[in-house]
1. For Val93 and Arg73, what is the calculated FRET efficiency with R₀ set at 22 Å and r taken between the beta-carbons, to the nearest 0.05?
2. In nanometres, what is the gap between the two model label sites at Val145 and Ala104, each 7 Å from Cα along Cα-to-Cβ?
3. Indicate the gyration tensor shape class of the range 137-185 (rounded, prolate or oblate), computed on the Cα atoms with a ≥ b ≥ c the square roots of the eigenvalues: a/c under 1.5 is rounded; otherwise a/b larger than b/c is prolate and the rest oblate.
4. Taking only pairs that are 8 or more places apart or on different chains, how many Lys pairs in the chain have Cα atoms under 23 angstrom apart?
5. So how tilted is helix 2-14 from the main axis of the chain? Cα-based, degrees 0 to 90, rounded to 10.
6. Here are some values of Cα Rg over 2.2 N^0.38 Å: [x] 1.20; [y] 1.40; [z] 4.19. Which one was computed from this structure?
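What follows is calculated from the coordinates using simple rules that are stated; it is not laboratory data. Worth saying up front: this structure is predicted, and the values here are computed from it rather than measured. Counting neighbours? That spans all protein chains shown, and the Cβs are built from the backbone with ideal geometry, glycine included.
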Amino acid sequence: MTRIIATLIALTAASPALAASGPFFSLTNTNFVVLIAFLLFVAVLLKLKVPSLLGGMLDKRAEGIQSELDEARALREEAQTLLASYERKQKEVQEQADRIVAAAKEEAAEAADAAKEDLKASIARRLQAAQDQIASAEASAVKEVRDKAVTIAVAAAQDVIAKQMTAKDGSALIDDAIGQVDAKLH
């Protein structure tokens with residue numbers, strides 16, 4: 001600091017443009033008075049430790065800025081960690097959704113196959129039931145035709161027998177039938 005003061009004094013004394021009229025080290029010389037006031041001002045600032053206070057304030061500000069930067073870095077790292085976590089979760093959810101869709105498609109295909117099989121079985125049952133009804137109707141129709149044929153044959157035989165039979169032959173047949181019934185019942 002003293003070197004600066006000495007340099008200032010030397011510059012003001014050596015420069016003829018800055019020199020006032022009269023001797024330099026006189027209180028009438030404004031340059032000398034300004035120099036003394038400046039030196040007193042600098043001395044007061046040094047005595048009150050203003051440079052160290054300013055340095056301390058700047059250090060505190062630098063520490064505050066550094067702590068804010070550290071906090072910002074920590075927040076950034078935390079945000080990146082959260083982002084990575086959410087991306088992993090999103091990927092897992094997407095994979096799970098894909099598995100659910102695949103399972104649903106597979107179940108739908110199985111359900112469609114089962115429905116086709118059920119439909120085939122239902123058609124086969126209905127077809128079998130229809131064939132059974134047809135067979136039953138055929139059997140009923142055949143039985144009905146046979147019954148009619150038997151009825152017609154009996155009526156025709158009755159007519160033929162009635163025309164050829166006499167009363168004596170009829171009584172003998174009745175007695176013979178009663179004998180057969182009596183023999184079967186006892």
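1. Step by step, r from the Cβ atoms, then E = 0.15.
2. 6.1 nm
3. Because a/c hits 1.5 or more and a/b fails to exceed b/c, the range 137-185 counts as oblate.
4. Working: Lys47/Lys60; Lys49/Lys60; Lys91/Lys105; Lys105/Lys116; Lys105/Lys120; Lys148/Lys163.
Lysine pair count for the chain: 6.
5. 50 degrees
6. Checking each listed value against the structure points to [z].
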